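See below for the structure under consideration.
The values are calculated or read from the model by the stated rules, or taken from the named source; none is laboratory data. Values in this document were obtained by computation on a predicted structure and should not be read as measured data. As a convention, Cβ positions derive from the backbone with ideal geometry for all residues, glycine included, and neighbour counts pool all protein chains shown. Side chains included, ligands, DNA and RNA excluded: accessible areas come from the protein's heavy atoms. Shrake-Rupley method; radii C 1.70, N 1.55, O 1.52, S 1.80 Å.
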Amino acid sequence: MNRRPGGQNLTQQLVHILGAAIVNGRYRGGEGLPSEAGLCDEYGISRSATREAIKMLTAKGLVTSRPRQGIRVQPRARWNLFDPDVLGWILRASPTLEMLREFLQLRLAIEKEAAALAAAVQDKESISAVGAALARMQRAEEGLEDPVDADIAFHINILNATNNAFYIQLGSFIETALRVSIRYTNRIKGVATANYHNHKILYDAIDSGEISAARNASAAMQEEALALIEGELARRVSRGKDILV
């Protein structure tokens with residue numbers, strides 16, 4: 001296995017290869033992976049690098065490794081969906097409307113309170129970063145910025161503006177899932193960019209310290225996206241389709 005671009009070492013490459021294979025269903029829950037020796041032979045890397053890769057997959061909830069039992073794939077319910085790698089593999093392999101709905105339900109619970117907290121904390125430097133992301137969203141409407149990157153930056157900077165370590169650490173998870181959900185909900189609405197006006201209402205509420213207004217503005221955006229998915233889910237389930245295409 002040759003080193004790939006992007007700075008990944010051989011251990012990280014094996015983690016991504018095996019992780020994607022598990023999520024894609026090549027190895028199913030309860031089934032065994034090849035032994036460490038078998039993986040070394042198949043991918044041409046050392047035993048120590050293979051062992052480290054298995055430890056990383058274990059930490060992500062994808063496998064267990066025990067003496068005399070070998071390396072076994074964990075059922076999907078045990079996977080750590082908050083791990084950006086795991087979520088990324090799932091979203092690239094077989095994202096479903098059900099999963100997208102669950103993600104939006106989580107965003108609704110988290111982001112409205114993050115917006116309210118950001119309005120209460122009033123960290124002007126962090127709020128300025130939210131404003132800069134909003135300006136990028138406006139430029140995206142003119143084709144001068146990537147609309148998805150700008151939208152993601154807006155929401156991640158609100159998490160950062162809470163000055164709460166737990167909200168901030170959700171950023172990688174939120175960003176990974178947003179890359180799928182934003183494109184999909186925009187496609188349902190038939191637009192290429194997010195609604196700048198709605199995002200400005202949220203920014204203005206945070207910037208002026210209006211806690212309830214910030215909470216309500218954030219909730220309104222999440223509820224709109226969730227309603228879109230609910231409607232699409234009902235239509236697609238009636239047609240027997242649930243995979244995002």
Given the conditions (1) farther than 19 Å from M221 by Cα; (2) β-branched (V, I, T); (3) under 20 Å from the mean Cα position of the chain (by Cα), which single one is not true for V180? (1)
Residues in the range 151-166 that are open to solvent by less than 60 Å² (accessible area, probe 1.4 Å) and either under 21 Å from L87 (Cα atoms) or part of a helix (DSSP H, G or I) (or both): how many? 10
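The rows are residues; the columns are (1) at pLDDT 95 or above; (2) open to solvent by less than 40 Å² (accessible area, probe 1.4 Å); (3) touching a Phe, Trp or Tyr at 6+ places or on another chain (Cβ under 9 Å); (4) part of a loop (DSSP other than H, G, I, E, B).
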| position | (1), (2), (3), (4) |
| --- | --- |
| I168 | yes, no, no, no |
| F173 | no, yes, yes, no |
| T176 | no, yes, no, no |
| Y203 | yes, no, yes, no |
List pairs: first residue in the range 96-121 and closer than 22 Å to A234 by Cα, second residue open to solvent by 50 Å² or more (accessible area, probe 1.4 Å) anywhere in the structure, Cβ distance under 7 angstrom, at least six positions apart or on different chains. T96/I243; R101/E230; L108/E223
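Let's see how each residue does on (1) under 28 Å from P84 (Cα atoms); (2) surrounded by fewer than 16 Cβ atoms within 10 Å (Cβ to Cβ); (3) out of contact with any Phe, Trp or Tyr (no Cβ under 7 Å at 6 or more places or on another chain); (4) modelled with pLDDT of 80 or more:
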position	(1), (2), (3), (4)
I188	yes, yes, yes, yes
E210	no, no, yes, yes
M221	yes, no, yes, yes
E230	yes, yes, yes, yes
S238	no, yes, yes, no
Quick check: is even one residue across the range 128-150 within 16 Å of the chain's Cα centre (by Cα) and buried (at least 18 other Cβ atoms within 10 Å of the Cβ)? yes
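Give the residue that is nearest to K112 (Cα to Cα), with candidates limited to residues of the range 190-201 that are part of a helix (DSSP H, G or I) and open to solvent by 70 Å² or more (accessible area, probe 1.4 Å). Before the answer, list the steps.
In the first step, residues of the range 190-201 are kept if they are part of a helix (DSSP H, G or I); the result is 196-201.
Now drop any that are not open to solvent by 70 Å² or more (accessible area, probe 1.4 Å), which leaves 197, 200-201.
Numbers: H197: 17, K200: 15, I201: 13 Å.
Restricting to residues being part of a helix (DSSP H, G or I) and open to solvent by 70 Å² or more (accessible area, probe 1.4 Å), the top hit is I201.
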Inter-residue pairs, beta-carbon under 7 Å, first without any contact (Cβ under 8 Å) to a residue 24 or more places away in the chain and over 17 Å from S128 (Cα atoms) and in the range 144-168, second assigned to a helix (DSSP H, G or I) and not acidic (D, E), 6+ apart: E145/R136; E145/R139; D146/A140
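A quick yes/no check of all residues on (1) more than 27 Å from A161 (Cα to Cα); (2) touching a Gly at 6+ places or on another chain (Cβ under 9 Å); (3) at pLDDT below 95; (4) not in a helix (DSSP H, G or I):
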site	(1), (2), (3), (4)
L81	no, yes, yes, yes
E98	yes, no, yes, no
R101	no, no, yes, no
A114	no, no, no, no
L117	no, no, no, no
L134	no, no, no, no
Among the residues in the range 39-53, are any within 26 Å of the chain's Cα centre (by Cα), modelled with pLDDT of 90 or more, within 24 Å of A77 (Cα to Cα) and open to solvent by 60 Å² or more (accessible area, probe 1.4 Å)? yes
